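Below you'll find the structure, written out as structure tokens, and then a few comments.
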Amino acid sequence: MYKNSLRPGRVLAAVTVAQFVFALDMSVVNVALPAIRTALGFAPLDLSWVVHVYALTFGGLLLLGGRACDLYGRRRLLVTGLAVFGLCSLAGGLAQEPWQLVAARAGQGVGAAAAAPAALAMLTTTFTEGPRRVRALGVWSAANAAGGALGVLAGGLLTEYASWRWVMLVNLPVVAAALALLPAAGPAEERPARRERQAARERPDVLGAVLATGGVGLLVFGVVRTEARGWTAPATVGTLAAAAVLLAAFVVTETRAPAPLLRLGLLRSRWVAGANLLVFLAAAGQFAAFYFVSLYLQQVLGLGAAATGAAFLPFSAGLVAGTVVATRVTAARGPRAALVPGAVLAAAGLAWFAGIRPDGGFLTDVLGPSLVTSIGTGLVLAPVAAAATTGIAPHEAGRAAGLLNSSRQLGGCVGLAALATVAAHRTGTSTDPVALDDGYALGLAASAVLFALAAVVATVVLPRRRPDTPGPRPATPAEKQPEGTPA
């Protein structure tokens, strides 16, 4: 546990700002890609790596980042990760060559992989399980949702009225604000002598870290390349097969490791397993929906970058509204009470979205389904974090946070690649608005199916009872810490 002198309000403010900048960075770059290609001279097939390399390093290192923050201190990892993220954002904004921007994006992913699980773990260990934690997670989830949605608006405005470089440089003041808030949150974590002796005796799970990072990294790499090579290409099949082998070896290794990177026993909890499966499906549907709606607005309706960003404002408002409602429902009745109706509502909104027309408009084809989908998605985002950390002991908060972030990142990456392939197969090589509309509509319908499956998971897998008991199991002797010791 953290020391009592920590100020929960300042902790919440710091981790919320940190999560906002990570979510912002996931979407702010997308709208600027055409301008980046022109300015730096990217080859057409290389441009996608501006997005994909971030997903590759972020997704591949999240489990390692989650475990590291348990062993070496959450605030240490949060500060280090934020600093790396900020410096790489600066490097990206100053890039003069394509490889420099791609390298900077890779560095951003490394920093985010260290800081994101540390931020969530710091939040869950600062606020005890119950209504206070639910409210804190609600604020954190609202920042996550707002960052992702407002990133599209910010990307459009910055690209059109300033420069594409500002989609990278905009991160700097936000990172600076998060770092400035951390000292005000209370004294830094300490590692008592007992922890030092224990860490010296404990053999690090190096093999597990290598297998997990390599397996997840190859999975992301194989999936993102399907956009250019297809799912049945030998290179794709070989990469995904290698990823499967490494991940299977990781599972075997973790059952035998004395101090595993991911204790597989966590997944025996229906809260943890159900929440991670649910967030994988929801992220797959949400990321794909953002992608298809953005393309519909620009390539079918003919809106510019700034107008496209502005069109996402109702979506942002709906996400925040849904998160506020979900926080209240979860505090009163538990996560499941918000997750089930939220997933159903998001599925209904995306099914409505699938009716987009080539001769449509914002008011007739976008506004209504945007509000329904975003409110439903907001109802899912806050409770899923609460569900995934239910019953988790403080010494495993980083593991649980890294697992949840990995599930979200992998879901978004795999879902977007898979549904983009489905839409492209329907569209073919045509650039006619009618053909493009047909492909985007199919992709949105598939996103609706993913949220419907998420609703099934919430109904069937998550326990009906309201969670009110801590810890799925006691700590092992090697994992125990003295009372009052920071994790």
Spot the failing condition for T485; the list is (1) in a loop (DSSP other than H, G, I, E, B); (2) β-branched (V, I, T); (3) at pLDDT 75 or above, and only one is missed. (3)
Taking the range 411-468 as the search range and keeping residues that are modelled with pLDDT of 85 or more and outside any helix (DSSP H, G or I), which one is surrounded by the fewest Cβ atoms within 10 Å (Cβ to Cβ)? D432
V324 being over 22 Å from T459 (Cβ atoms) and in the same structural domain as D432 (by TED's automatic domain parsing): yes
In the range 287-304, anything closer than 16 Å to L24 by Cα and not hydroxyl-bearing (S, T, Y) is listed as F287, F290
Checking the structure you have, find out if any residue of the range 52-64 is among the hydroxyl-bearing types (S, T, Y) and over 15 Å from the mean Cα position of the chain (by Cα). no
For G274, state whether it is part of a helix (DSSP H, G or I) and under 22 Å from G217 (Cα atoms). no
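In the range 125-142, what residues are part of a helix (DSSP H, G or I) and under 12 Å from A331 (Cβ atoms)?
P131, R132, R133, V134, R135, A136, L137, G138
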Any residue at all in the range 345-364 that is surrounded by fewer than 20 Cβ atoms within 10 Å (Cβ to Cβ) and under 20 Å from A458 (Cβ atoms)? yes
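For the range 395-403, does any single residue satisfy the condition of being closer than 18 Å to G285 by Cβ, under 23 Å from the mean Cα position of the chain (by Cα) and in a helix (DSSP H, G or I)?
No, that holds for no residue.
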Yes or no: the range 107-122 includes at least one residue that is surrounded by fewer than 22 Cβ atoms within 10 Å (Cβ to Cβ) and under 20 Å from the mean Cα position of the chain (by Cα). yes
I'd like to know if the range 183-205 contains one or more residues that are among the aliphatic types (A, V, I, L, M), at pLDDT 80 or above and in a helix (DSSP H, G or I). no
How many residues, within the range 240-256, are hydroxyl-bearing (S, T, Y) and either surrounded by fewer than 16 Cβ atoms within 10 Å (Cβ to Cβ) or without any contact (Cβ under 8 Å) to a residue 40 or more places away in the chain (or both)? 1
Test: residue in the range 283-306 that is within 23 Å of H52 (Cα to Cα), assigned to a helix (DSSP H, G or I), of a type in the set (A, V, I, L, M) and not assigned by TED's automatic domain parsing to the domain that holds G361: no
State all residues of the range 249-271 that are assigned to a helix (DSSP H, G or I) and touching an Asp or Glu at 6+ places or on another chain (Cβ under 9 Å); if no residue qualifies, say none. T253, E254, L264, L266
Identity of the residue in the range 336-379, under 16 Å from Y291 (Cα atoms) and among the hydroxyl-bearing types (S, T, Y), that ends up farthest from the chain's Cα centre (by Cα): S370
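The values are calculated or read from the model by the stated rules, or taken from the named source; none is laboratory data. For clarity, every value in this text was computed on a predicted model and none was experimentally measured. A quick note on method: Cβ atoms are made from the backbone with ideal geometry, for glycine too, and the neighbour counts reach across all protein chains shown.
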